[in-house]
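Below you'll find the structure, written out as structure tokens, and then a few comments.
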Amino acid sequence: MATESPAQAVRRPRGEPRRLLLAAARDLFARQDYRSTTTREIAEAAGVTEHLLFRNFGSKAGLFREALVLPFTNFVDEFGRTWESVVPEETDEEELTRRFVGHLYDLLVDHQGLLATLMASDALSEEEQADAGIADIRRALTVLSQIGAEGMRIRGMRSSEPDLPAYSTVAMIAGMAALRSTFFGAEQPSREAIVEELVQALLHGFLHRHE
């Protein structure tokens, strides 16, 4: 009777190793810092060979960029296109804000490793930051700051630090995504309740919101 060869035994559907590696990378980068996470650990967690990791992504940095950086930069690019199509007089400001906050909150909850790496990025060398795509994140944040400044201008508002509103917005959403377990333990508010609180705080402030 013919026996199954080792190659046949481990054969996976096309694209499956890539998907497994991306999922394992997101999980490991969320639990330990970028520098200490090894390609061998990621491959073992994904259940594939380290060779497949390098064949699909080239390096740990390449995998990190695709697993964690690209989702963020793609989100910013998409929101930028949405913003370009906005007609202020015909746009529901609260609904637009809710979409932005909700999508960004979900992205950061699902990609905690990005937050962990950004918080520890000062410890990375310039080469590591460049390879991991930290500059791409900064460019995306610059786009958000430009959108925020334009939004303030449309509303007739001025600021001596026009970048700060956008950065503060991202920081508040990122903080809630990163610290929700610390804040609430096992009994967390619903995703909808958290997003709505963030929206109201952004639009109306804690002391000047609509009832």
For this session: Please give the FRET efficiency for Ala171 paired with Glu95, using the beta carbon to beta carbon distance and R0 = 22 Å, rounded to the nearest 0.05.
Result: 0.45
Exercise. Using alpha carbon coordinates only, what is the Rg to Rh ratio of region 60-204, with Rh defined as the Kirkwood radius?
Worked result: 0.98
Seminar exercise, completed: Taking Val86, Val76 and counting other beta carbon atoms within 10 angstrom, the fewest-first order is Val86, Val76
Exercise. Pairing the Cα long axis of helix 16-31 with the longest principal axis of the chain, what angle in degrees results, from 0 to 90 and rounded to the nearest 10?
Worked result: 60
Problem set entry | Difference of contour (0.36 nm per residue) and Cα-Cα distance, Ala23 to Thr182 | 54.9 nm
Seminar exercise, completed: Dividing the mean separation of Cα pairs under 8 Å (6+ apart) by the residue count of the chain yields a relative contact order in percent of 22
Problem set entry | In degrees, nearest ten, helix 70-84 long axis to first principal axis of the chain (Cα) | 30
Exercise. What is the order of Glu78, Glu44, fewest Cβ neighbours within 10 Å to most?
Worked result: Glu78, Glu44
Exercise. Against the longest alpha carbon principal axis of the chain, how many degrees, from 0 to 90 and to the nearest 10, is the axis of helix 164-184 turned?
Worked result: 60
Problem set entry | Of Thr37, Thr182, Thr73, the one that fluctuates the most in a GNM where the chain has Cα springs shorter than 10 Å | Thr182
Exercise. How about region 141-211: which chymotrypsin sites (Phe, Trp or Tyr not before Pro) there are in a DSSP loop, with at most 12 other Cβ atoms within 10 Å of their Cβ?
Worked result: Phe206
For this session: Calculate, for Glu192 and Thr82, the FRET efficiency according to 1/(1 + (r/R0)^6) with r their C-beta to C-beta distance and R0 22 Å; round to the nearest 0.05.
Result: 0.55
For this session: Please identify every one of the trypsin sites (Lys or Arg not before Pro) in region 91-173 that sits in a loop by DSSP and has no more than 14 other beta carbons within 10 Å of its own beta carbon.
Result: Arg155, Arg158
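None of the figures in this text is laboratory data; all of them are computed from the coordinates on show. Keep in mind that what you see is a predicted model, and the values were worked out from it rather than measured. Backbone-built Cβ (ideal geometry, glycine too); neighbour counts: all protein chains shown.
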